[in-house]
1. Please specify each residue of the stretch 96-117 satisfying the condition of being closer than 17 Å to G147 by Cβ and at pLDDT 95 or above.
2. Does T120 count as at pLDDT 95 or above, closer than 23 Å to S82 by Cβ and not small (G, A, S)?
3. State which residue pairs qualify: first residue under 14 Å from S164 (Cβ atoms) and inside the stretch 177-193, second residue charged (D, E, K, R) and not in a loop (DSSP other than H, G, I, E, B) in any location, beta carbons under 7 Å apart, and separation of 6 or more residues or different chains.
4. Go through the stretch 162-182 and give me each residue that's part of a loop (DSSP other than H, G, I, E, B) and more than 15 Å from C197 (Cβ to Cβ).
5. Just one of (1) closer than 24 Å to T39 by Cα; (2) open to solvent by less than 20 Å² (accessible area, probe 1.4 Å); (3) small (G, A, S) trips up S103, so point out which.
6. Output the residues belonging to the stretch 179-192 that are within 23 Å of A143 (Cα to Cα) and in contact with a strand residue (DSSP E or B) (Cβ under 7 Å, 6 or more places away or on another chain).
7. Here are G37, G89, G44: which of them is at pLDDT 90 or above and closer than 26 Å to L128 by Cα?
8. Any residue at all in the stretch 66-84 that is open to solvent by 40 Å² or more (accessible area, probe 1.4 Å), at pLDDT 90 or above and either under 30 Å from P188 (Cβ atoms) or among the aromatic types (F, W, Y) (or both)?
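The values are calculated or read from the model by the stated rules, or taken from the named source; none is laboratory data. A quick note: this is a predicted structure, and the numbers were derived from the prediction, not measured. A quick note on method: Cβ atoms are made from the backbone with ideal geometry, for glycine too, and the neighbour counts reach across all protein chains shown. Protein only, heavy atoms only, side chains kept; ligands, DNA and RNA dropped before computing areas. Shrake-Rupley method; radii C 1.70, N 1.55, O 1.52, S 1.80 Å.
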Amino acid sequence: ITNRMMIGASLLMMTFSFAINANAETCTQVPTCAELGYTETTCGNNAALKCPFDQTKLFCGNEKCPAGYIYYSDNTCSSTYSSSKTVIGVVAGPGVIVNIGQSSSTMSWEQAIDVCKGVTIGGKTAHLPTIEEGMKIAQNSDAINSGLLKIRGTTQLTVAWYWSSTQLNDASVLIFNPLSGVPKDYAPPSSYDYARCVFNY
């Protein structure tokens with residue numbers, strides 16, 4: 001009985017010791033897929049690595065078309081402009097192409113969505129960018145504008161608010177300003193901002 005009591009007391013002490021040590025440990029939050037570099041949902045023809053926490057998030061490796069390159073309908077890209085090819089737009093980042101033009105005037109969010117759905121070039125249909133795609137545009141705005149300058153009849157990115165397709169809630173939509181010190185904000189969908197459509201490759 002004495003041995004059993006000693007063993008029981010020892011186990012109890014070990015339990016208390018573990019609890020104290022566990023409380024003393026500093027817990028860290030597991031990084032998100034985006035923080036680890038898994039930011040894509042499609043990689044086109046590029047090799048893809050899947051995020052271990054979310055198999056729908058991908059890392060596409062080295063990008064064959066850097067930001068600012070001109071993307072053509074034959075799925076090639078170049079740092080130079082070729083008038084013999086059909087231009088889709090200018091690469092904003094991995095998998096994202098910025099349309100060569102933007103809306104000539106501001107519009108509501110639903111109008112912006114409809115405008116982008118109506119843009120088709122070289123067999124590709126555009127869409128209003130997600131906020132993640134908008135942030136790629138903001139991060140690479142200088143390179144994008146340099147690429148746009150090489151193509152006749154294009155509209156450069158300006159210091160203006162552009163719609164994204166990402167809603168915060170029924171009353172708010174995220175917007176982005178690619179040349180502003182404040183690249184991201186939100187607005188009611190009934191307000192008026194510009195539309196800059198994008199394509200995926």
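1. V96, I97, V98, N99, I100
2. Yes: the conditions hold for T120.
3. A187/D193; P189/E110
4. Of everything in the stretch 162-182, those that are part of a loop (DSSP other than H, G, I, E, B) and more than 15 Å from C197 (Cβ to Cβ) turn out to be D170, A171, N177, L179, S180, G181, V182.
5. Answer for S103: the failing condition is (1).
6. Selection gives P183, K184, D185.
7. After applying the criteria, what remains is G89.
8. Taking every residue of the stretch 66-84 in turn, at least one turns out to be open to solvent by 40 Å² or more (accessible area, probe 1.4 Å), at pLDDT 90 or above and either under 30 Å from P188 (Cβ atoms) or among the aromatic types (F, W, Y) (or both).
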